[in-house]
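The values are calculated or read from the model by the stated rules, or taken from the named source; none is laboratory data. All values derive from a computational prediction rather than experimental measurement. Reconstructed Cβ throughout: ideal geometry from the backbone, glycine too, with neighbour counts over all protein chains shown.
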Amino acid sequence: MQDRIQIVSIIGAVLLLLVILELVRRRRLLERYALVWLGSGLVILGLAIWRGALTHLATTLGIAYPPNALFVIAFGFVLLLLLHFSLAVSRLADQSKVLAQRLALLEERVHRGERAPEPDYSAEESLRG
């Protein structure tokens, strides 16, 4: 029975890694997010393959049944992913607010008939020259 559980765990971890790689290949998942997912998948695969590590980890954490330690670790990775994505969403919300404010200012200038200030390229030319 233990061998069957280990085989299913290994297959599940390999499938997870393959799905992540396919999503990156199709450009549906950005590389910076894929690194977090690949790291968690590799840890789960390592623990699924090496039974002794999972047993030792379960004993260290005080978990009676070693496969439950795998779920505790997976839950920890999910929490880290949620924190990571919360930070990304917060940053994007701030950027959206700034962009909306800039757009409102530009629309107001257009409404008044003002011209946008011309960009000053003299500083760039002096750096190149």
Select from the range 11-56 the residues that are modelled with pLDDT under 90, of a type in the set (A, V, I, L, M, F, W, C) and closer than 14 Å to residue 67 by Cβ and write down the one among them that is surrounded by the fewest Cβ atoms within 10 Å (Cβ to Cβ). 50
If I ask for residues that are over 16 Å from the mean Cα position of the chain (by Cα), surrounded by 12 or more Cβ atoms within 10 Å (Cβ to Cβ) and without any contact (Cβ under 8 Å) to a residue 40 or more places away in the chain, which ones from the range 62-81 would you list? 63, 66, 68, 69, 72, 73
For the list (1) surrounded by 10 or more Cβ atoms within 10 Å (Cβ to Cβ); (2) of a type in the set (D, E, K, R); (3) modelled with pLDDT of 85 or more, I need the number of the one condition that residue 112 fails. (1)
Across (1) in a loop (DSSP other than H, G, I, E, B); (2) over 24 Å from residue 85 (Cα atoms), residue 10 clears everything bar (1)
